[in-house]
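*Asks:* Okay, here's the structure, questions in a sec.
The values are calculated or read from the model by the stated rules, or taken from the named source; none is laboratory data. Quick caveat, the model's predicted, so the values are computed rather than measured. Here the Cβ positions follow ideal geometry from the backbone for every residue, glycine too, while neighbour counts run over all protein chains shown. Only protein heavy atoms, including side chains, enter the accessible area calculation; ligands, DNA and RNA are left aside. Shrake-Rupley method; radii C 1.70, N 1.55, O 1.52, S 1.80 Å.
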Amino acid sequence: MSTQNIRLGLIGAGRMGSFHGLTAARHIPGACLAAIADPTPGQAARLAAELGVDKVYTDPQQLLDDPDIDAVLIASPARSHADLVICAARAGKGIFCEKPMAITLDEADRAIAAAADGRVPLQVGFNRRFAKSFRAAHLDVTAGRIGTPQLLRSLTRDPALNNPAASPQWVIFLETLIHDFDTLRYLNPGAEAVQVYVMADALIAPAYKSQGLLDTAVVTIRFDNGAIATAEANFQAVYGYDVRGEVFGSQGMLSMGSLNDCDLVRYLAQGIQADTQRMDTDLLRDAYIAELNHFVDCLRSGAKPLASGEDARAALAIARACIESYETGKAVAVQGARP
């Protein structure tokens, strides 16, 4: 695989899958999008026609059985990820999987084991590791430029809660804050979370709380190196898509992330105004593209991806502890952060 054009297959042709498909088709030198699978009638065919892809499947297993496909991009609904990772590993395909890789730690363990048994790379879509400011902050912390991390913060605020009825239970922990949990581990390298405490509620759509929807949350996390972190999420930031991080250390502080569309600021009679991004694929576009290029580089070199299955498991362990903390109203120990 070191010299050939790597042929990628996409599983899931929804919003995120379509973006990854476009990236695979047009923004990865030495790779191409060769097949698309989606069980929704017409979904894969629509995207294939747009991107000039010849092979279309309604059954993902058909794509995995295709001998011409070298690796897969899994962008299907979250609850299907672990099974698809396992099936892809058994088929000998390299695997990029959108977050979360799994919903339970048992699923995560089986997915990691399958990839190891199949000797295939497994990368998970924690895109903030590939955003320039977050990557630079990680390197600064690693180099000791701000001393010992003491306080950390990561936040995700989505611009709108469009359809609360369609949100699965615990989505704020398993699918949104999972990014922040990974980011905090990334910004505190070598440390693992040992305890969490959660406060959460349905403040945007309170009528859906009885159906299991939480749309606002703050999580306090204690790490084994003594650092204390907060992760927060909200599903309706009317001003735009807001992703930021901060690390305060014994010798300084790092701050990263901006929701501004560009560095233009208007100073007008009505006040100060700046345009903001409204989509994750706009705000983090370069990071999304970089993570798939990194995946292909790992396929060629055999290197372990920077966002591994083990990283996904550690973030999931925090998310599962958050669920228990919310249910009990108590601080909860993080179990099994390392497999």
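*Asks:* Condition first: over 24 Å from residue 308 (Cβ atoms), open to solvent by 40 Å² or more (accessible area, probe 1.4 Å) and part of a loop (DSSP other than H, G, I, E, B). Can you find one or more residues in region 168-179 that meet it?
*Replies:* There is at least one residue in region 168-179 that is over 24 Å from residue 308 (Cβ atoms), open to solvent by 40 Å² or more (accessible area, probe 1.4 Å) and part of a loop (DSSP other than H, G, I, E, B).
*Asks:* Taking region 124-144, which residues are closer than 30 Å to residue 203 by Cβ, small (Gly, Ala, Ser) and outside any helix (DSSP H, G or I)?
*Replies:* 125, 131
*Asks:* Only residues that are modelled with pLDDT under 95 and farther than 24 Å from residue 173 by Cα: list them for region 224-264, please.
*Replies:* 260, 261, 262, 263, 264
*Asks:* Please pick out the residue among 233, 207 that is outside any loop (DSSP other than H, G, I, E, B) and either in contact with a helix residue (DSSP H, G or I) (Cβ under 7 Å, 6 or more places away or on another chain) or surrounded by 16 or more Cβ atoms within 10 Å (Cβ to Cβ) (or both).
*Replies:* Details: 207 fails: either in contact with a helix residue (DSSP H, G or I) (Cβ under 7 Å, 6 or more places away or on another chain) or surrounded by 16 or more Cβ atoms within 10 Å (Cβ to Cβ) (or both).
Matching residue, one of 233, 207: 233.
*Asks:* Now for a different question. Give region 149-167 a look and list any residue that's open to solvent by less than 40 Å² (accessible area, probe 1.4 Å) and under 18 Å from the mean Cα position of the chain (by Cα), or say none.
*Replies:* Step one: list which residues in region 149-167 are open to solvent by less than 40 Å² (accessible area, probe 1.4 Å), which gives 149, 152, 154-156, 158-159, 161, 164, 167.
Within region 149-167, 154, 155, 156, 158, 159, 167 meet the criteria.
*Asks:* Condition (residue is open to solvent by 60 Å² or more (accessible area, probe 1.4 Å), within 26 Å of residue 336 (Cα to Cα), of a type outside the set (Lys, Arg) and touching a helix residue (DSSP H, G or I) at 6+ places or on another chain (Cβ under 8 Å)) applied to region 117-124: is it met by at least one residue?
*Replies:* Taking region 117-124 as the starting set, the residues that turn out to be open to solvent by 60 Å² or more (accessible area, probe 1.4 Å) are 117, 119.
Of the ones still in play, those that are also within 26 Å of residue 336 (Cα to Cα) are 117, 119.
Next cut, of a type outside the set (Lys, Arg) only: 117.
Those still in the list that are touching a helix residue (DSSP H, G or I) at 6+ places or on another chain (Cβ under 8 Å) too: 117.
Among the residues of region 117-124, at least one is open to solvent by 60 Å² or more (accessible area, probe 1.4 Å), within 26 Å of residue 336 (Cα to Cα), of a type outside the set (Lys, Arg) and touching a helix residue (DSSP H, G or I) at 6+ places or on another chain (Cβ under 8 Å), which makes the answer yes.
*Asks:* Let me spell it out: the conditions are (1) touching a residue at least 40 places away in the same chain (Cβ under 8 Å); (2) assigned to a helix (DSSP H, G or I); (3) in contact with a strand residue (DSSP E or B) (Cβ under 6 Å, 6 or more places away or on another chain), and residue 112 meets all of them except one. Which number is the exception?
*Replies:* (3)
*Asks:* Condition first: out of contact with any strand residue (DSSP E or B) (no Cβ under 9 Å at 6 or more places or on another chain) and over 17 Å from residue 178 (Cβ atoms). Can you find one or more residues in region 249-260 that meet it?
*Replies:* Taking region 249-260 and keeping what is out of contact with any strand residue (DSSP E or B) (no Cβ under 9 Å at 6 or more places or on another chain), we get 251-252.
Those left that are additionally over 17 Å from residue 178 (Cβ atoms): 251-252.
Looking through region 249-260, at least one residue is out of contact with any strand residue (DSSP E or B) (no Cβ under 9 Å at 6 or more places or on another chain) and over 17 Å from residue 178 (Cβ atoms).
*Asks:* Now for a different question. Filter region 289-327 for residues that are open to solvent by 10 Å² or more (accessible area, probe 1.4 Å) and of a type in the set (S, T, N, Q); which is farthest from residue 24 (Cα to Cα)?
*Replies:* Filtering region 289-327 for residues that are open to solvent by 10 Å² or more (accessible area, probe 1.4 Å) and of a type in the set (S, T, N, Q), the one farthest from residue 24 (Cα to Cα) comes out as 301.
*Asks:* Identify all residues within region 1-34 that are assigned to a strand (DSSP E or B) and buried (at least 23 other Cβ atoms within 10 Å of the Cβ); write none if there are none.
*Replies:* Start the filter on region 1-34 by keeping residues that are assigned to a strand (DSSP E or B), which leaves 6-11, 31-34.
8, 9, 10, 11, 31, 33, listed by residue number.
*Asks:* Which one of these does residue 220 not meet: (1) in a loop (DSSP other than H, G, I, E, B); (2) surrounded by 14 or more Cβ atoms within 10 Å (Cβ to Cβ)?
*Replies:* All conditions pass for residue 220, except number (1).
*Asks:* Return the pair list, or none, for Cβ contacts closer than 6 Å from residues in region 117-132 that are in contact (Cβ under 8 Å) with a residue 24 or more places away in the chain and among the aromatic types (Phe, Trp, Tyr) to residues that are crowded, with 24+ Cβ neighbours inside 10 Å and assigned to a helix (DSSP H, G or I), at least 6 apart or on different chains.
*Replies:* Filtered contacts from region 117-132: 126/182; 130/291.
*Asks:* Okay, next question. Which of the residues belonging to region 89-109 are of a type in the set (Asp, Glu) and in a loop (DSSP other than H, G, I, E, B)?
*Replies:* Step one: of region 89-109, the residues of a type in the set (Asp, Glu) are 98, 106-107, 109.
98, the sole residue that qualifies.
*Asks:* Here is a further query. Being in contact with a helix residue (DSSP H, G or I) (Cβ under 7 Å, 6 or more places away or on another chain), part of a loop (DSSP other than H, G, I, E, B) and touching a residue at least 60 places away in the same chain (Cβ under 8 Å), is that true of even one residue in region 145-156?
*Replies:* Yes - at least one qualifying residue is present in region 145-156.
*Asks:* Still on this structure: Please work out which one of (1) over 25 Å from residue 175 (Cβ atoms); (2) open to solvent by 30 Å² or more (accessible area, probe 1.4 Å) is the condition residue 53 fails and give its number.
*Replies:* If we test residue 53 against (1) over 25 Å from residue 175 (Cβ atoms); (2) open to solvent by 30 Å² or more (accessible area, probe 1.4 Å), just (2) comes out false.
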